[in-house]
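Here the structure is laid out as C-alpha cells; the discussion comes afterwards.
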Amino acid sequence: MLKQPRPTATPSESPADYADGAAIKKKRKSGIPTGNAGEYLVMGELLRRGYDAQLADRNTQGYDLLVGRPGDDRLQKVQVKTVRVQPWFIRVSDFMERPDQPTVYVLLGPETATADHLLRAIDRFVDLSDLRARLAPFYSETGRPSIDPELLIRMLLVGYCHGIRSERRLCEEVHLNLAYRWFCRLGLDGDVPDHSTFSKNRHGRFRDSDLLRHLFEAVLCRCVAEGLVGGEGFAVDASLIKADANRQRGVEGSKGLAPEMASRAIDEYLSVLDDAAFGAATEVTPKFISPGDPAARWTGAHGGLAFFAYSTNYLIDLDNAIIVDVEASTAIRQAEVTAAKTMIERVDKRFGLYPERLAADTAYGSGEMLDWLVHERGIEPHIPVFDKSKRTDDTFSRSDFTYDHEGDVYFCPGGKMLTCKGTLVNDGDTLMYRASKYDCRPAR
C-alpha cells in the first residue's frame, strides 16, 4: 500500500469524475472548477488499470503523482503536463523536464487535428507503405538507426500545404504545432530531425532512388483513378526559380570558370553540358556564370535586375488543373520548349495520356515547336505564333517588305531590292536578305 496518505478530494474533483475527457468538458460547461483535471484524469486511468495512485502534496515541486502496484515498497514519481494554452501549440519551455521520472502529457481542449483540418483531410489519402522497401538498398545495415524517410516526406507535405518554404522553419513549426506532430506521427515527445537532414537526403538517397518522381507519379495515378484527369487538353508553362547564387560574384561567361575550381555544383554543371534542357539548349554563351551554381542561367526575364535562375516546367491537365508532369531546365526559351516535348512524350509513355490540344503562351510558338506538335504528334496548338518582326525603333518591320517569288527577292517600301546569297542565321533556320548599303544610306 501507499505510505503517504491520499488527500481527500473535493466533491468537484474526484477521480471518478475525471475518468474521461467528456466529464471534464461537462463540468467546464456547467461552471464547476476543474482544478487538477489532468492529474485526476491520469490517476483515474491508473486506478482502472490496477495501480495505486495518489496526488502529491500541492507544495511538492517536480512531480504530481505517486504511482505503484499494490504491495510495492517504492513509489514512482510521475509528472503530469496539462496543456491549456493555444489548442494547436505546446510550449515546451513552460515545463520543467526531469530525466529521472516519467512524464505524462494531458491535452485539455479541442482535438489536436479537428475533422475539418486540412492535414486530417489529406492524411486519408497518404499511403507511404512502400517507402521503406523502395529505399532499403540505399541504407546501411550497420551503424545508428536512420531517420524514418516517411517522417521526412510527411514533413515536406506539411511545408508544401502550409507555405513553409524554409526547412529550418519547417522543423521549428513541426516541433511546436500539435496538428503537424499528429500528421507526422511524432506524438508529443518525438524528436524532430535537424533541417540539414533534408538536404543530405535530397542530394543522396532521394535523388539516387528517384523517390520524389515516384511519389509524384503515385499521386498522379490516384488522380487518374479518381477521374480528375481528362487527358484531352493540356497547358504548358514555365516558372522562374531564383537560384541561391550571388549575382555580384558572377564571372564573365566568355572567360569561363577557373580550371582549379571544384565543387559538387560544378560537377553537376559539367555533367549536364550536353543535356538538351541545360548546356546544349543553346550555343549562346551566357553573359555571366555563377561559380557557386554554374548550372543556373543569367536572365533578365522579369524586366528588372538580372539574376541567376532555373525554370520549372509544368504540364497541366485543363479539366481540374492537375499537374501531370514537371521538368527542370535552364532559364532560356529553347530549353523550356525542349522540356515541354519531354513531358508530352513521357506522360504518353507512362500513363497513356495523349492530349488533343495544347495551350501555351508565345514562348512556345516557334515554327519548329508548332511543326512538331501538328505534324509529328497530331496535337492542335492553341499557341500565339512567336513573332518578333514588329519593330518599335522607327525602322521598317518585316510586314513592310514585299516578296517577289519569281526573283526570290524582297522590296522595301522605298522600292529598293534585297537579295540573298545563301547566308543562314538564327541557328541555321533563316535565310538573310540584304540591300545595298548605298540604297539604305539616307539622302543628304
| message | What aspartates and glutamates does K200 reach when the alpha-carbon gap must be under 14 Å and sequence neighbours fewer than 8 apart in one chain are set aside? | response | D148, E167, D208
| note | Lys and Arg at +1, Asp and Glu at -1: neighbours of K421 with Cβ under 13 Å from its Cβ sum to 0
| field | Straight-distance crosslink candidates among aspartates and glutamates, where the alpha carbon sits under 12 Å from K287 and sequence neighbours closer than 8 are dropped | value | E252
| Cα to Cα, under 14 Å, and not fewer than 8 places away if on the same chain: which aspartates and glutamates meet these conditions relative to K437? | none
| task | Quick one: dipole size for the stretch 280-374, taken about the Cα centre, charges +1 on Lys/Arg Cβ and -1 on Asp/Glu Cβ, in debye to the nearest 20. | result | 260
| How long are the three semi-axes of the equivalent ellipsoid for the stretch 398-440, computed from the Cα gyration tensor as the root of 5 times each eigenvalue, in whole Å, largest first? | 18, 12, 10
| message | Could you tell me the relative contact order of the stretch 398-440? Use alpha-carbon pairs under 8 Å, at least six residues apart, and round to a whole percent. | response | 26
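All of the numbers you see were taken from the coordinates with simple rules; none came from a lab. In this text the structure is predicted, and so the values were computed from the model without any measurement. Quick reminder, even Gly has a Cβ in these numbers, built from the backbone with ideal geometry, and neighbours come from all protein chains shown.
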